[in-house]
Amino acid sequence: MKPVKKPYEIRQLLVCANLRDPVTGKASCGQNGAQALVDQLKKTVKERGLKGRYVVTKTGCLDICPDKGCIVGFQPEGEFFHSECTPEAGEVLLARLVASGASE
Ligand code: FES
């Protein structure tokens, strides 16, 4: 295996969309609408020509499991946030992700 270097840094938005069986009685981001947030973020990144430099990644459980909303992580910062799963929240997250990379 040979390492590959990209000519620019990729910023990544991790969105937990784990869908846990309701029988467990434990909440999950997937039950709270995270898939819609993932879809919206991916669509917005593509529409704004940010694809490649900004990546939206759907993940499994990040082991934080909120009762409402979903867990979102920024990479490479390693910061995690509890977010609503609304289009408005998606706009805020994307703006913050882009701003976090603006100083590079
Ligand atoms: S289900 Fe999303 S963090 Fe656990």
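The values are calculated or read from the model by the stated rules, or taken from the named source; none is laboratory data. A quick note: this is a predicted structure, and the numbers were derived from the prediction, not measured. Virtual Cβ from ideal backbone geometry, glycine too; neighbours counted across all protein chains shown. Areas reflect the complete protein model, heavy atoms only, side chains present, ligands, DNA and RNA absent. Shrake-Rupley method; radii C 1.70, N 1.55, O 1.52, S 1.80 Å.
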Could you please let me know if G78 is out of contact with any Lys or Arg (no Cβ under 9 Å at 6 or more places or on another chain) and open to solvent by 30 Å² or more (accessible area, probe 1.4 Å)?
yes
Pairs where the first residue, in the stretch 1-29, is touching a residue at least 24 places away in the same chain (Cβ under 8 Å) and the second is open to solvent by 100 Å² or more (accessible area, probe 1.4 Å) and away from the ligand (no atom under 16 Å from the Cβ), C-beta under 7 Å, 6+ apart:
E9/E104
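Looking at the structure I just gave you, is R96 free of Cβ contacts under 8 Å to residues at least 40 places away in the same chain and within 27 Å of Y8 (Cα to Cα)? Before you say what the answer is, go through the steps one by one.
Details: free of Cβ contacts under 8 Å to residues at least 40 places away in the same chain: yes; within 27 Å of Y8 (Cα to Cα): yes.
It is true that R96 is free of Cβ contacts under 8 Å to residues at least 40 places away in the same chain and within 27 Å of Y8 (Cα to Cα).
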Quick test of your reading of the structure: V92 fulfils all but one of (1) open to solvent by less than 80 Å² (accessible area, probe 1.4 Å); (2) touching a Ser or Thr at 6+ places or on another chain (Cβ under 9 Å). Name the failing condition by number.
(1)
Matching residues in the stretch 12-43 - criterion: being more than 11 Å from the ligand (Cβ to nearest atom), within 13 Å of the chain's Cα centre (by Cα) and assigned to a helix (DSSP H, G or I)
Q35, A36, L37, V38, D39, Q40, L41, K42, K43
Every residue from the stretch 44-89 that is of a type in the set (D, E) and outside any helix (DSSP H, G or I):
D63, D67, E77, E79, E84
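K46 - would you say it is more than 8 Å from the ligand (Cβ to nearest atom), open to solvent by 60 Å² or more (accessible area, probe 1.4 Å), under 11 Å from the mean Cα position of the chain (by Cα) and without any contact (Cβ under 8 Å) to a residue 40 or more places away in the chain?
Criteria not met by K46.
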